[in-house]
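The values are calculated or read from the model by the stated rules, or taken from the named source; none is laboratory data. Since this is a predicted model, take the numbers as computed values, not measurements. Every residue, glycine as well, gets a Cβ built from its backbone with ideal geometry; the counts of neighbours run over all protein chains shown. The area values use the complete protein model at the heavy-atom level, side chains included, leaving out ligands, DNA and RNA. Shrake-Rupley method; radii C 1.70, N 1.55, O 1.52, S 1.80 Å.
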Amino acid sequence: MKTNHYNLQTDRRKFLKGFTFTLGGTLLGMPLLSHSMDQHIGNLAYEAGTSQTGSQQKKKMGIALVGLGQYSTNELAPALQETQHCYLAGVVTGTPSKAEAWKKKYNIPDKNIYSYDTFDQIANNKDIDIVYVVLPNAMHAEYTIRAARAKKHVICEKPMATTLEDAQRMLDACRENGVQLAIGYRLHFEPFHQRVMELGQKQVYGKVKQIEARNSSDMTDGSLDVWRLNKQLAGGGSLMDLGIYCVQGAIYTMGKPPVAVTARYGEVTKPNYFHSVEQSINWQMEFADGVKAECNTSYADEENLLSAKAEKGWWRLSPAYAYEGKKGETHEGKIDLPNIYEQVRQMDGQAHSFMKNQPSIVPGEMGLRDMRVLMAIYESANAGGKRVEIRYGG
Ligand code: NAD
């Protein structure tokens with residue numbers, strides 16, 4: 001499969017230690033530029049924390065990856081070899097041969113290897129503090145809820161769920177069991193996107209006037225038998241998988257979520273691939289002050305852009321969402337920032353906030369907020385482009 005998003009990463013840049021910058025984040029209507037990387041990563045210096053899920057002082061939190069597909073295999077497990085606040089403590093897999101291979105490769109003890117059937121016994125395992133759900137989208141809810149009942153903090157991959165009801169059940173389960181839930185929104189921990197948050201939210205070049213976001217990845221030279229093409233497992237097509245980055249990008253550029261959306265499905269040019277989920281979708285997000293974000297996503301194209309025009313200037317990231325090779329410029333010239341191993345940053349940041357019992361900068365509530373936007377986009381597209389107002393918090 002030729003994609004910008006799922007590339008195998010073999011030649012990783014090393015995690016840049018000691019590089020500090022402002023962290024931005026947005027949740028519902030609140031611009032959050034108050035966090036600093038120092039706060040979240042402890043300036044990358046080791047700081048002993050007490051895990052909320054265990055009483056002993058832990059140097060590093062143990063993570064169990066659930067689902068050993070391409071993202072776990074090629075990105076998360078290698079990243080966990082470089083993290084400072086967490087490590088790969090266990091795995092949950094339905095495939096015994098994978099369990100065997102991972103056990104050897106990462107030196108994982110037998111007692112920390114689970115199948116989907118034995119997963120709930122993880123409640124008795126003190127090595128595991130965090131369960132990271134890296135399964136097909138429709139399975140996120142079940143495994144997040146089971147992890148919460150086992151009193152483990154949860155990191156859940158994007159999109160958080162496939163329905164609003166599931167997303168709410170996940171939040172409720174984590175709240176009821178006193179554990180934290182964070183979404184795998186890696187770009188909040190990444191320098192180019194943090195610069196975009198700063199440029200937009202701090203109005204460095206004046207107020208944002210217009211946003212454009214495009215994220216497309218061609219899936220049409222690969223297998224037809226993949227869960228991403230199956231609505232029951234994926235919840236939707238390119239929007240759920242790739243368009244969500246455009247939704248996020250526009251929201252953290254503005255520091256607030258959109259009030260309404262208008263959307264239309266694109267033409268289906270590859271019907272053998274796209275009879276269950278959408279091939280492409282174009283949508284517009286409308287913010288309270290009238291600013292519009294024009295967005296597009298497709299599973300049959302290659303695009304990778306997040307850009308904005310402001311009163312006194314402009315900026316653009318392209319490629320914006322790929323794991324590596326991000327490039328950025330403003331009307332003043334090149335944005336000169338390092339490409340980092342962002343999954344290392346993400347998991348360290350999330351583990352550190354769990355350790356400190358502070359909410360993550362990418363909490364479950366942010367996942368639910370984004371689900372509301374995604375569902376409104378589908379509602380609009382299904383109604384032939386009708387303007388749909390988004391209700392938050394109800
Ligand atoms: P994948 O198909 O490579 O892996 C899915 C895993 O789930 C496999 O190990 C598979 O065996 C397992 N599985 C269990 N039950 C299954 C079932 N009924 N059908 C299919 N697979 C089943 O997928 P992936 O690319 O690793 O994606 C997993 C999750 O991670 C998705 O939610 C995806 O959106 C997310 N993801 C996030 C990023 C990111 O940058 N944050 C990147 C890639 C994937």
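Structure summary
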| quantity | calculated |
| --- | --- |
| Qualifying strands (runs of 3 or more DSSP E) (wholly inside region 208-292; at least 1 residues being open to solvent by less than 20 Å² (accessible area, probe 1.4 Å), within 20 Å of Asn304 (Cβ to Cβ) and within 16 Å of the ligand (Cβ to nearest atom)) | 208-216 |
| Failed condition for Gln194, given (1) over 30 Å from Arg316 (Cβ atoms); (2) touching a strand residue (DSSP E or B) at 6+ places or on another chain (Cβ under 8 Å) | (1) |
| Selection status of Ala101, within 25 Å of the chain's Cα centre (by Cα), aliphatic (A, V, I, L, M), part of a helix (DSSP H, G or I) and within 16 Å of the ligand (Cβ to nearest atom) | no |
| Lone unmet requirement of (1) in a strand (DSSP E or B); (2) within 26 Å of Tyr205 (Cα to Cα); (3) within 16 Å of the ligand (Cβ to nearest atom) for Thr297 | (2) |
| All positions within region 104-114 that are within 16 Å of the ligand (Cβ to nearest atom) and exposed (fewer than 14 other Cβ atoms within 10 Å of the Cβ) | Lys105 |
| Test: Arg195 is more than 12 Å from the ligand (Cβ to nearest atom), open to solvent by 10 Å² or more (accessible area, probe 1.4 Å), touching a residue at least 24 places away in the same chain (Cβ under 8 Å) and in contact with a helix residue (DSSP H, G or I) (Cβ under 9 Å, 6 or more places away or on another chain) | no |
| Matching residues in region 121-145 - criterion: being open to solvent by 40 Å² or more (accessible area, probe 1.4 Å) and within 16 Å of the ligand (Cβ to nearest atom) | Met139, Glu142 |
| Failed item in (1) modelled with pLDDT under 95; (2) surrounded by 18 or more Cβ atoms within 10 Å (Cβ to Cβ); (3) more than 21 Å from the chain's Cα centre (by Cα); (4) not in a loop (DSSP other than H, G, I, E, B), with Asn43 passing the rest | (2) |
| Long-range neighbours under 7 Å by Cβ, at least six apart or interchain, first residue of a type outside the set (S, T, N, Q) within region 212-229, second modelled with pLDDT of 95 or more and exposed (fewer than 15 other Cβ atoms within 10 Å of the Cβ) | Leu224/Asn272; Leu229/Ser276 |
